[in-house]
1. Scan segment 26-35 and give yes if some residue there is in a helix (DSSP H, G or I) and in contact with a Lys or Arg (Cβ under 7 Å, 6 or more places away or on another chain), otherwise no.
2. Report whether or not Arg138 is charged (D, E, K, R) and closer than 18 Å to Ile46 by Cβ.
3. In segment 1-44, how many residues are touching a residue at least 40 places away in the same chain (Cβ under 8 Å), small (Gly, Ala, Ser) and surrounded by 13 or more Cβ atoms within 10 Å (Cβ to Cβ)?
4. In segment 73-107, what residues are basic (Lys, Arg), within 21 Å of Gln19 (Cβ to Cβ) and at pLDDT 95 or above?
5. Can you tell me which of Glu114, Glu135, Glu105, Glu100 is surrounded by 15 or more Cβ atoms within 10 Å (Cβ to Cβ), out of contact with any Leu (no Cβ under 8 Å at 6 or more places or on another chain) and not polar (S, T, N, Q)?
Amino acid sequence: AAMGQTVAVLSHHIKNILQGVGGGGYLIRKGVRDGNAEMAEQGLGIVERNHTRISDLVMDMLSFSKERVPDLRSGDVNVVCRDVLQLAQHRADENGVTLEQRLGELPTAHFDSEGIHRALLNIVLNGIDAVAEHEDGRVIVQTEYDSSNDIMLVAVTDNGPGIPDDQHAAVFQVFESSKGERGTGIGLPVSRKIIREHGGRIRIEGGPGLGTRFVLSWPRGNPEEPLESSTSAGLT
């Protein structure tokens with residue numbers, strides 16, 4: 001069972017990386033076909049960044065059996081959000097889904113950029129899949145800073161069918177997926193694990209007919225104690 005779970009986690013991460021490579025390749029092909037060097041260069045950058053992620057994954061595999069300690073470094077959460085949206089754009093285009101960013105003014109934070117990137121990408125791609133069959137599917141990524149509690153907030157909202165209250169806990173169970181063969185049932189549990197490693201939590205808002213919002217919250221600095229609760233601050 002442990003081996004199976006390990007393979008599933010790694011496979012899900014590899015799938016996300018390949019999604020980025022595919023998006024970069026798409027931009028390169030389109031740029032070459034249209035004679036748009038800037039677009040081709042943008043696609044090449046995406047491919048190169050995901051090549052780096054593959055190299056990082058190999059290193060992760062060497063220590064995967066151990067409890068992961070976040071590599072906290074000073075950075076800009078908005079930069080991570082923009083990169084996630086860029087990587088997810090290809091899948092959104094394929095499914096006719098609109099991606100929207102509403103990034104607020106954020107202070108510099110200490111966080112594991114690779115971990116937060118992985119957690120956020122899982123949730124954004126999950127949101128795209130949730131609205132893929134809707135005529136006007138939309139996924140919105142928002143950021144905010146709760147200065148009163150010194151907490152970073154990232155929200156991913158979709159206008160899909162919503163998740164009933166009694167199923168909120170189930171979506172974080174390993175191998176639980178509502179997407180059939182399209183889902184591994186590991187993305188959301190991995191996202192929650194990463195946020196918990198940062199001393200934070202993920203809250204689900206919305207319900208049937210109201211869409212779904214995942215709110216990621218974690219302390220801006222090096223967390224000493226996990227969050228017991230969090231607020232949506234200025235997220236609307």
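1. Step one: filter segment 26-35 for residues in a helix (DSSP H, G or I), giving 26-34.
Narrowing further to those that are in contact with a Lys or Arg (Cβ under 7 Å, 6 or more places away or on another chain): none.
Checking segment 26-35: not a single residue is in a helix (DSSP H, G or I) and in contact with a Lys or Arg (Cβ under 7 Å, 6 or more places away or on another chain).
2. So Arg138 fails the test.
3. Total satisfying the criteria: 4.
4. Applying the first criterion (basic (Lys, Arg)) to segment 73-107 yields 73, 82, 91, 102.
From the residues that got through so far, the ones that are within 21 Å of Gln19 (Cβ to Cβ) too are 82, 91.
The answer is Arg82, and nothing else.
5. Glu114
The values are calculated or read from the model by the stated rules, or taken from the named source; none is laboratory data. This structure is a prediction, so every number in the text was calculated from the model and none was measured. Reconstructed Cβ throughout: ideal geometry from the backbone, glycine too, with neighbour counts over all protein chains shown.
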